[in-house]
Every structure is written in structure tokens, then in C-alpha cells.
Amino acid sequence: MADDPDRNQAPRVTERAISDILLNQRYRNQLIGYFEWVSSYDEQRRYQAAVPYVHVPNEAFNQWDDWASDGVLERYVEPVFSVEEQQALRNYRAVLNSVCDDTPQLLPPLEQLMETEPWERLRLAAKKALKIFMRRGTFDWEVEQFPKH
């Protein structure tokens, strides 16, 4: 076996800038994936089973912060995010904030939390947002769907 001097190094990352549109397309796809698992108790259970060391209820809040913190939400604009989708994000954020207020700071295990009204409210809000986003679905990860002419 030949020596591979790079085998212990991190993969090389191409340093090429991407457009705001392509970046938003990627964020949009991440948000759709987020809404898919938050909107379904079965998906939440699968997630918890697949990654038992992760506390899935915390992930619902943490991933939202990763993809849609207040400052980032303002950058989600047309054409990638329709006006209706922008409103769906704001509506979901309002429900998420209310659920945060209505649940303990140290969240209980997933199965226990699923039996509560706030968690059902969050699931339904994610389901509603997902329905709105799926009208146009996911966009390409590498190619702009809305190129400038």
C-alpha cells in the first residue's frame, strides 16, 4: 500500500464564492428538511433513534437558530423565498417562541414532550410551513434557479 501523505488531513475545500441566490436556495432546502422532521412525530422518533446522543427537542430549537435566526430571516427574500414563504417563516418563529415560553428551560425527553400541547402546537406550525414551502419544493443545491439575465 502506497503512503498517502494527505490521508490524515481534512478534505480540501474549494474557496469559491456563491451568489446570495444560491446560498438562499441551500438555506431553503435546509429549512424544508427541518420542517419535515419537526412536523412529524414519526420523523422525530426516527431522528432520536438514529442519533440517541442528541436531545431532539433541543435540536428543534437549535436547528431553527442555525437556519433562521432573526438576523438571517431578513435575508430570505424573493425570488428564492416567496412573500407567502417569508410570512410562513415569521409565523413559525412566533409559534416557536411561544412554545419556548411554554416549556421548561430543561426540556424533558422527546416522548414525554410529545404528550404536551406546546409540542403539538410546534408540530402543527411546522406542518403548515412545510405545506407552503412544498408548493414550490426544494431547489437545486449547485445551480441558481433564478439566474440574473
Checklist entry - Take the residues of the range 107-140 that are modelled with pLDDT of 95 or more and surrounded by fewer than 11 Cβ atoms within 10 Å (Cβ to Cβ): which is farthest from ILE21 (Cα to Cα)? => result GLU117
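Taking PHE133 as the residue in question, decide whether it is under 19 Å from the mean Cα position of the chain (by Cα) and among the aromatic types (Phe, Trp, Tyr). Even if it seems obvious, please write down each step before you answer.
Values: under 19 Å from the mean Cα position of the chain (by Cα): yes; among the aromatic types (Phe, Trp, Tyr): yes.
Taking the combined requirement at face value, the residue satisfies it.
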Checklist entry - Going by the structure shown, is VAL80 within 19 Å of GLU43 (Cβ to Cβ) and crowded, with 16+ Cβ neighbours inside 10 Å? => result no
Checklist entry - Within the range 79-102, is there a residue that is modelled with pLDDT under 95 and not in a helix (DSSP H, G or I)? => result no
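The values are calculated or read from the model by the stated rules, or taken from the named source; none is laboratory data. This one's a predicted model, so the numbers in the text were calculated from it and none came from an experiment. Methodologically, a virtual Cβ is constructed for each residue, glycine included, from the backbone with ideal geometry; neighbour enumeration extends over all protein chains shown.
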